[in-house]
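The values are calculated or read from the model by the stated rules, or taken from the named source; none is laboratory data. Everything numeric here is computed off the predicted structure, so don't read it as measured data. A quick note on method: Cβ atoms are made from the backbone with ideal geometry, for glycine too, and the neighbour counts reach across all protein chains shown. Side chains are part of the model used for accessible areas, which takes the heavy atoms of the whole protein and leaves out ligands, DNA and RNA. Shrake-Rupley method; radii C 1.70, N 1.55, O 1.52, S 1.80 Å.
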Amino acid sequence: MGSLCFNDGVQDDRQPWWKAATFYQVYPASFKDSNDDGWGDLPGLISKVDYLHGLGVDCIWVSPIFESPQKDMGYDVSDYQKIYAPYGTIEDVDALIQTCHERGMKLILDLVVNHTSAEHEWFQESRSSRTNPKRDWYIWKPPRYDAGGNRQPPTNWRGYFAGSTWTWDEHTQEYYLHLYASEQPDLNWENAETREAIYEETMRFWLRRGVDGFRIDTVNKYSKRTEYIDAAVTDKNSPYQAAPEMWCNGPRIHEFIREINQVLAPFSAVSVGELSNTPDPKQVLPYVSTRARELDMVFEFSVIRLGNGDLFTGKYIYKPFTLSQLKALTEKWQCFIEGTDSWATVFCENHDNGRAVSRFGDTSTPELWRASARTIALWQATLTGTLFLYQGQELGMTNMPASWDISHYQDVEAVNFFAEAVASRNEQRIQATKHGLSILARDHARLPFRWNEDDNVGFTTDSAKSWMRIPREKGISVESQLGDRTSVLEFYREMLRLRKRFQGVFVFGTHTLLDRENESTWAYIKEGFLTTKDGHRMRGRALVVMNFTVERAPLVDVSAALGCAPESTRLMVTTACGAVRGAKDELSAWEGRIYCDFGPEICI
Ligand code: GLC
Ligand code: CA
């Protein structure tokens, strides 16, 4: 693999800025409302950039803020160059870019170009007649007819949000393709003119205005197989079948992404692509190999999808998992980059999943909530790759209260999956879907960010106007945690600092899983190079041990695990505070620790 192979624990001095950076995803509707209408907005976000800077965030990723009818919370863009009015104006974006840059921070936007909104003028033209010059900018197909002469969609594919991927257009008598909602028609990337319009009018437009890159939505779905044939029947109870092999990682996908790379390169813009349905490292590598010149990073979803049922029909039928599964998947995606020229991302939350502490931790008592949220922070901050936090993760924000009924779910996906279960008239499926949604639904992550302990949590001034209901909980807010060393927030701040300080081990190091079958505790070694104060490079090792249960757990033999004499090991961090701190050779409930074989003489 030659000289480009740098993922061997050695930190290369010429690493790009985004590798050791901490990214933070803002979901703009739910972050901070500045004008009391119950929607978060850009002036609200600008007023909180200092908070993020103080936390240790280097780059903000803002979910879509563009003009949109909001059928899918802005992932349905009707004008890429206008800002959705409730979020603010284009001048607010300029001000946000400036506010970030003045603090040495970066800003990336969410690029949604697999589809547009049906209200985008490109689609309005495309659907106006079969001969319109933009007809071919979307994917139109004639109907099929069954034996009884009934009109049927061109293929049997199931969409992400339930139902068919095809919608009939009365006016021009053809179907159009949409992998998501019918109001999100898929663009036809086979058409070179369409691609050039995407590059010029979405990407270059924002890069010229100064944004530092993009999180690229649905990055592996632009190239579809062009045969448009039926998928195999895997769900006999439905006319619509999961068909990712028809539209994911298609024949021209790498060609298209290399073109994107050429658009971004002159601006040195960073790219992180959303890579779903691709759990095979061999398939992921070409997207993120430096030499391939495609993407800087991707989000691979094996870890965050734990607990989800079958991703298509059964997504919200909860599937319990074990700690050893979580360990094995983490290990797989940590080790995937070793010996290659690729790079990884680290994350356990985003706007499409339930909250990490409600899924991987324990929210049954305030003590366990705090302990497990801090241990999740320890886990994430010690992993190799670029770390992404999601707003509120640093406070240990939880899912909606269990007492909230289904009427509080607003997301198109939750609403459609529940309606599909109800239509099945299968009581067991209805109950199972409700249960699954209570853990996994996208709505949980979209609850308003908690700034203070008031009824409106400092998100807005009148909680009755908030676009999503605000749970009445105490102790989960910036106000209640700031300055409290035992809090989740202060622990995140501390861990982000340590991660940077010892980045050779935590950001760039190798990962070795220990005791993989243990279903209570999780232990791994991170190993990499550190620089001493007098400029020497030395190997450093850290042992991360975490108790994922409420029972006390024996500690592994630390010096044996680190491979050094007992007197050379140091306890670097424990998540436990005060009375709940475990004994020397025992971890308390949900306690996590880091031991290392290096000392304070290390400077970076
Ligand atoms: C991505 C987004 C999700 C959206 C979908 C369609 O998966 O993260 O929120 O619904 O794309 O754009
Ligand atoms: Ca507002």
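Matching residues to (1) modelled with pLDDT of 95 or more; (2) open to solvent by 50 Å² or more (accessible area, probe 1.4 Å); (3) out of contact with any helix residue (DSSP H, G or I) (no Cβ under 8 Å at 6 or more places or on another chain); (4) within 23 Å of residue 510 (Cα to Cα):
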| residue | (1), (2), (3), (4) |
| --- | --- |
| 532 | no, no, yes, yes |
| 536 | no, yes, yes, yes |
| 541 | yes, yes, no, yes |
| 551 | yes, yes, yes, no |
| 554 | yes, yes, yes, no |
| 584 | no, yes, yes, no |
| 588 | yes, no, no, no |
| 596 | yes, no, no, yes |
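What are the pairs, 6+ residues apart or on separate chains, where a residue within the stretch 184-212 that is β-branched (Val, Ile, Thr) and open to solvent by less than 10 Å² (accessible area, probe 1.4 Å) has its Cβ under 6 Å from a residue that is modelled with pLDDT of 95 or more and part of a helix (DSSP H, G or I)? Pairs that qualify, where the first residue is β-branched (Val, Ile, Thr) and open to solvent by less than 10 Å² (accessible area, probe 1.4 Å) and the partner is modelled with pLDDT of 95 or more and part of a helix (DSSP H, G or I), are 194/137. Residues that are open to solvent by 10 Å² or more (accessible area, probe 1.4 Å) and not charged (D, E, K, R) were ranked within the stretch 479-490; the one that is farthest from residue 397 (Cα to Cα) is 483. Checking the stretch 95-110 against the condition returns a match, with at least one residue being at negative phi, in contact (Cβ under 8 Å) with a residue 40 or more places away in the chain, in contact with a strand residue (DSSP E or B) (Cβ under 7 Å, 6 or more places away or on another chain) and acidic (Asp, Glu).
Among the conditions (1) open to solvent by 20 Å² or more (accessible area, probe 1.4 Å); (2) within 22 Å of residue 469 (Cβ to Cβ); (3) in contact with a helix residue (DSSP H, G or I) (Cβ under 7 Å, 6 or more places away or on another chain), residue 362 misses just one, which is (2). Among the residues making up the stretch 257-313, those that are touching a Phe, Trp or Tyr at 6+ places or on another chain (Cβ under 6 Å), farther than 30 Å from residue 436 by Cα and in a loop (DSSP other than H, G, I, E, B) are 294, 295.
Criterion first (over 25 Å from residue 419 (Cα atoms) and in contact with a strand residue (DSSP E or B) (Cβ under 6 Å, 6 or more places away or on another chain)) does residue 141 satisfy it? Criteria met by residue 141. Note on the stretch 288-302: residues that are under 19 Å from the mean Cα position of the chain (by Cα) and either within 16 Å of ligand 1 (Cβ to nearest atom) or open to solvent by 30 Å² or more (accessible area, probe 1.4 Å) (or both) total 8. Scanning the stretch 95-107 for residues that are open to solvent by less than 50 Å² (accessible area, probe 1.4 Å) and more than 25 Å from the chain's Cα centre (by Cα) turns up just one, 95.
Just one of the listed residues (363, 345) is within 19 Å of the chain's Cα centre (by Cα) and away from ligand 2 (no atom under 16 Å from the Cβ), namely 345. Residues in the stretch 177-214 that are of a type in the set (Phe, Trp, Tyr) and away from ligand 1 (no atom under 16 Å from the Cβ): 199, 205, 206.
Residues in the stretch 169-200 that are among the β-branched types (Val, Ile, Thr) and out of contact with any helix residue (DSSP H, G or I) (no Cβ under 7 Å at 6 or more places or on another chain): 172, 198. Please verify whether residue 472 is closer than 28 Å to residue 346 by Cα, away from ligand 2 (no atom under 16 Å from the Cβ), surrounded by fewer than 18 Cβ atoms within 10 Å (Cβ to Cβ) and at pLDDT below 95, treating the condition exactly as stated. When the stated conditions are applied, residue 472 does not pass them.
Scanning the stretch 177-232 for residues that are farther than 29 Å from residue 91 by Cα, assigned to a loop (DSSP other than H, G, I, E, B) and either within 16 Å of ligand 2 (Cβ to nearest atom) or among the hydrophobic types (A, V, I, L, M, F, W, C) (or both) yields 179, 181, 189, 229, 231, 232. In this structure, is residue 51 under 18 Å from residue 346 (Cα atoms) and either within 16 Å of ligand 1 (Cβ to nearest atom) or not in a loop (DSSP other than H, G, I, E, B) (or both)? Taking the combined requirement at face value, the residue does not satisfy it.
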